[in-house]
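Novice: Below is the structure I would like to discuss, written out as structure tokens.
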Amino acid sequence: VAQSQVLIGMGLLAGSTVMLLTLLWGSCVVVGKCDLSENSTAIDLRDTKGFSLLGSGVSTDKQTSYAARIMAISILPFIIVQIPKIFKLHSGHQITVLIGLIVAALLLLSYCLYQVFQPWIQRRRLEYTRLKHVMSGLLRHAQKHSIGRLLDDEGRPNVSVIEKLFHRIDQDNDGKLEHGELQAFIVGINFEDIDWNSNLAADQVMADFDTSRNHFIEKGEFVNGMLRWLDEAKRTVTSGAYSKKFLNDFHARTRDEQTGLLDKDEEEGEADGNPTWTCIKAILLLLLGTAMAAASADPLVDAVHISQMLHIF
């Protein structure tokens, strides 16, 4: 019975991992695929090449690629355990299970150390929160200075107002926004009590809008980027009312998120002065997460075991 439950648990865990690596990632590629440029960068809203292996797809940043590789490596222990069945061996099952256990423990330890010495997930979250605050400030600033309402009462974006904003930022009227023009516009935005680097903010907006990666923002890229930002604002502020106060509420929420993350980062920085307590806390949280996973997995394994005994599937 114990061996049967272990096999069921391993199957459920392996199945969920395989599903994330195949069905979920594959669905994202199929649904979000666009034509690829010469430098393998996806061209937004253009899908003319169909299911071309080299001509269409999605482009990701380095962090997403790292996460995908980590997920692929995490399936290694399951492959090791399946070696006797793959090669139809009549012996060696216990050895492969032991090797799989050792590899899984080493991978877990390696991942914990990787998160300690390469905390890019935390930094990425902070950068995204900063970008959202720039986004909300730019939207509020555009609507506040009598350019016009970016959203009507039904929540539909006003493209003509967005184009007017583009021409206002484009100081030399060459039909494209360069880094200096974008930074000059961001300097005029009031970010209240939050210390902000306008150069960094311009870099983030440029990276988010410049989908062609030609180091300037064209009108189409600017309009598409603003539409994405307005959709993000509607998802963040789920009040259903799109009055002039709507973008003010969005700006207030992003400011609170930014302030909360900065305060948390300062608290963690103060905690770094006591590395022993930090290590103990991390180990306790890891053990707590393991216990919670074990407690929730046991009823699931029992349910699947009973369903197999009753020949439900």
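The values are calculated or read from the model by the stated rules, or taken from the named source; none is laboratory data. Model, not experiment: these values are computed from the prediction. We place every Cβ from the backbone using ideal geometry, glycine too, and count neighbours over all the protein chains shown. Side chains are part of the model used for accessible areas, which takes the heavy atoms of the whole protein and leaves out ligands, DNA and RNA. Shrake-Rupley method; radii C 1.70, N 1.55, O 1.52, S 1.80 Å.
Novice: Here is a check on your reading of the model: is LEU262 modelled with pLDDT under 75 and part of a helix (DSSP H, G or I)?
Specialist: yes
Novice: Can I ask one more? ASN197 passes all but one of (1) at pLDDT below 85; (2) open to solvent by less than 70 Å² (accessible area, probe 1.4 Å); which number fails?
Specialist: (2)
Novice: Kindly evaluate ASP231 against the criterion of being surrounded by 14 or more Cβ atoms within 10 Å (Cβ to Cβ), at pLDDT 85 or above and among the acidic types (Asp, Glu). Full working, then the answer.
Specialist: Working: surrounded by 14 or more Cβ atoms within 10 Å (Cβ to Cβ): no; at pLDDT 85 or above: yes; among the acidic types (Asp, Glu): yes.
Considered against the rule, which asks whether it is surrounded by 14 or more Cβ atoms within 10 Å (Cβ to Cβ), at pLDDT 85 or above and among the acidic types (Asp, Glu), ASP231 comes out as no.
Novice: Can I ask one more? When you go through (1) over 16 Å from ARG140 (Cα atoms); (2) open to solvent by 10 Å² or more (accessible area, probe 1.4 Å); (3) modelled with pLDDT of 85 or more one by one for THR238, which number turns out not to apply?
Specialist: (3)
Novice: Which count do you get for residues in the stretch 116-146 that are open to solvent by less than 40 Å² (accessible area, probe 1.4 Å) and either touching a His at 6+ places or on another chain (Cβ under 9 Å) or part of a helix (DSSP H, G or I) (or both)?
Specialist: Counting residues in the stretch 116-146 that are open to solvent by less than 40 Å² (accessible area, probe 1.4 Å) and either touching a His at 6+ places or on another chain (Cβ under 9 Å) or part of a helix (DSSP H, G or I) (or both) gives 15.
Novice: Would you check which residues across the stretch 156-168 are open to solvent by less than 20 Å² (accessible area, probe 1.4 Å) and in contact with a helix residue (DSSP H, G or I) (Cβ under 6 Å, 6 or more places away or on another chain) and list them?
Specialist: ILE162, LEU165, PHE166
This table checks each residue for (1) over 20 Å from ALA252 (Cα atoms); (2) in contact with a strand residue (DSSP E or B) (Cβ under 6 Å, 6 or more places away or on another chain); (3) modelled with pLDDT of 80 or more.
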| residue | (1), (2), (3) |
| --- | --- |
| ILE121 | yes, no, no |
| TYR128 | no, no, no |
| LEU131 | no, no, no |
| LEU138 | no, no, yes |
| ILE147 | yes, no, no |
| VAL161 | yes, no, yes |
| PHE166 | yes, no, yes |
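Novice: Somewhere in the stretch 40-54, is a residue open to solvent by less than 60 Å² (accessible area, probe 1.4 Å), at pLDDT 80 or above and in a helix (DSSP H, G or I)?
Specialist: Taking every residue of the stretch 40-54 in turn, none turns out to be open to solvent by less than 60 Å² (accessible area, probe 1.4 Å), at pLDDT 80 or above and in a helix (DSSP H, G or I).
Novice: ASP172 passes all but one of (1) part of a helix (DSSP H, G or I); (2) open to solvent by 30 Å² or more (accessible area, probe 1.4 Å); (3) modelled with pLDDT of 85 or more; which number fails?
Specialist: Against the list (1) part of a helix (DSSP H, G or I); (2) open to solvent by 30 Å² or more (accessible area, probe 1.4 Å); (3) modelled with pLDDT of 85 or more, ASP172 comes up short only on (1).
Novice: Please name all residue pairs, on different chains or six or more residues apart, with Cβ atoms under 9 Å, provided the first residue is in the stretch 279-303 and is of a type in the set (Lys, Arg) and the second residue is surrounded by 12 or more Cβ atoms within 10 Å (Cβ to Cβ).
Specialist: LYS281/ALA271
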